[in-house]
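To keep things clear, I will list the structure first and then write my remarks on it.
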Amino acid sequence: MNLDVLNTIARRMVEPGKGILAADESTGTMGKRMDAIGVENTEDNRRDYREMMFRSDEAMSKYISGVILFDETLRQKAADGTPLVKIIEQAGAVPGIKVDKGAKPLAGYEDETITEGLDGLRERLQEYHGLGARFAKWRAVINIDEDIPTWNAVKSNAHALARYAALCQENGLVPIVEPEVLMDGDHDILRCEEVTSWVLNTTFAELFEAGVALEGMVLKPNMVISGKKCPEQAGVDEVAERTVKTLKSCVPAAVPGIAFLSGGQSDEDATAHLDAMNKIGGLPWSLTFSYGRALQAAPQKAWSGKAENVATAQAAFTKRARMNGLASLGEWKPELETVSA
Ligand code: 13P
């Protein structure tokens, strides 16, 4: 393992003022997104949509440090024949790849999942590196309900994350370690804090046992937040304070950066929360975004599958990227949202 190389890539991914675009939706998930805007889920439409974002010069060069791709996109060419990976690199962003094979039912444990994809992963990572990927992503999913998560779900998912991360580092890719505690459910913010802290502590224990170098990884956690159906929704300051407190107690300072998932928050909430955390300041790691929905909902709607909407969609994407770039510096203000894109 060349830790200097990994550390340099990891620091680029969390460079202040920039963050990661999670554009790694599987073909099935893209189907749902395309359905919502009345567009057929074909390979060409997925390509056109993603090309629209990757060719948003201002967003990509100023606010996006890296892009997480799905296998199909890593191999895809733009309409003019340029590989999409090249377009991302030319904008100055790092291409990455989702390598897990999804969260599957955990045998014997209702409503819990284990993320699969370890078999043959070494060979796939070697191929992905050859195709230009310099980081990878693996998402573990932890569900909260009255009697879950169980220790088995927490431990098994943390163990798989650690095996994945060690394989990435062996093959020259920075692992994004993503243990996502879902915000579905009616639990309050305290319950989210308790489970997030348990999951993070277990994950870092497993990373240690697997020999993963913390300087060569990026953590992608959920924020500590009220369940979506909880009648009492914690405000921006409480989310920021509890998230920072939890991360400080669980995430070693050797980790170069933490890039949050948006997890179903509204676009503006995801920005406001990140901004409030960076305004607290004095943090040992960079805190930025690795958003999927909170970066793409607006451009997806604006695009709606029509070539004549590309410029408007790019403006919508650039606006969300800029707002989140400011939030990564703690320099965002709600008034900026009302200024048109
Ligand atoms: P969201 O920001 O939509 O949660 O997606 C981020 C991601 O990559 C989930 O794995």
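The values are calculated or read from the model by the stated rules, or taken from the named source; none is laboratory data. Keep in mind it's a predicted model, so treat the numbers as computed, not measured. Using ideal geometry, Cβ is built from the backbone for each residue, glycine included, and neighbour counts are taken over all protein chains shown. For the accessible areas, the whole protein counts, side chains as well, though only heavy atoms, and no ligand, DNA or RNA atoms are used. Shrake-Rupley method; radii C 1.70, N 1.55, O 1.52, S 1.80 Å.
Side notes on the structure shown:
- Some residue of segment 88-97 being part of a loop (DSSP other than H, G, I, E, B) and not hydrophobic (A, V, I, L, M, F, W, C): yes
- Residues of segment 248-266 that turn out to be in contact with a Lys or Arg (Cβ under 6 Å, 6 or more places away or on another chain) and more than 12 Å from the ligand (Cβ to nearest atom), as a count: 1
- Some residue of segment 296-314 being buried (at least 20 other Cβ atoms within 10 Å of the Cβ) and under 15 Å from the mean Cα position of the chain (by Cα): yes
- Flag for Val251 being of a type outside the set (Phe, Trp, Tyr), without any contact (Cβ under 8 Å) to a residue 60 or more places away in the chain and either in contact with an Asp or Glu (Cβ under 8 Å, 6 or more places away or on another chain) or buried (at least 24 other Cβ atoms within 10 Å of the Cβ) (or both): no
- Selection from segment 60-82 of residues that are in contact (Cβ under 8 Å) with a residue 40 or more places away in the chain and over 19 Å from the mean Cα position of the chain (by Cα): Arg75
- Total residues in segment 227-243, condition away from the ligand (no atom under 16 Å from the Cβ), open to solvent by less than 70 Å² (accessible area, probe 1.4 Å) and closer than 16 Å to Glu194 by Cβ: 4
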